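Asker: Provided herewith is a single structure, encoded as structure tokens, for subsequent inquiry.
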Amino acid sequence: MFPYPEQYRLAAPPLTTSFMVFWALFSHSIFADASPFALYPLLSLFPLVLIAHVYLIWNAQGMSRLDQSFYALVHVPLAFVVWTFTIMHVNGNAFS
């Protein structure tokens, strides 16, 4: 069905992280500060990144499992920082 299924699987966590940014920018311009419609999808996206990395590590074979672990070790902290700032952006001035 897909010509390169492995590349699509490898790109899933960074695409999810970039979707966080686009969703935060888009939803903040449409919804009010701290809107549940804008906030709840963001709260579910970081666990989705973690699940995607665990899936990639689980399905890897041999030395590639170590490569996937390093990939997760680099991407998960960066995704956490992006996730935190997108939540702060969507909340706006709701905490002040």
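The values are calculated or read from the model by the stated rules, or taken from the named source; none is laboratory data. None of these values were measured; they are calculated from a predicted model. Cβ: placed from backbone, ideal geometry, glycine included. Neighbour counts: every protein chain shown. Calculation scope for accessible area: heavy atoms of the full protein, side chains included, ligands and nucleic acids excluded. Shrake-Rupley method; radii C 1.70, N 1.55, O 1.52, S 1.80 Å.
Asker: Could you tell me which residue of the range 1-39 is least open to solvent (accessible area, probe 1.4 Å), considering only residues that are touching a residue at least 24 places away in the same chain (Cβ under 8 Å) and farther than 25 Å from Met88 by Cα?
Answerer: Taking the candidates together, the pick is Leu10.
Asker: Could you list, in sequence order, the residues of the range 37-91 that are hydroxyl-bearing (Ser, Thr, Tyr) and more than 10 Å from the chain's Cα centre (by Cα)? Show your work before the answer.
Answerer: Step one: filter the range 37-91 for residues hydroxyl-bearing (Ser, Thr, Tyr), giving 40, 44, 55, 64, 69, 71, 84, 86.
Selection gives Tyr40, Tyr55, Ser64, Ser69, Tyr71, Thr84, Thr86.
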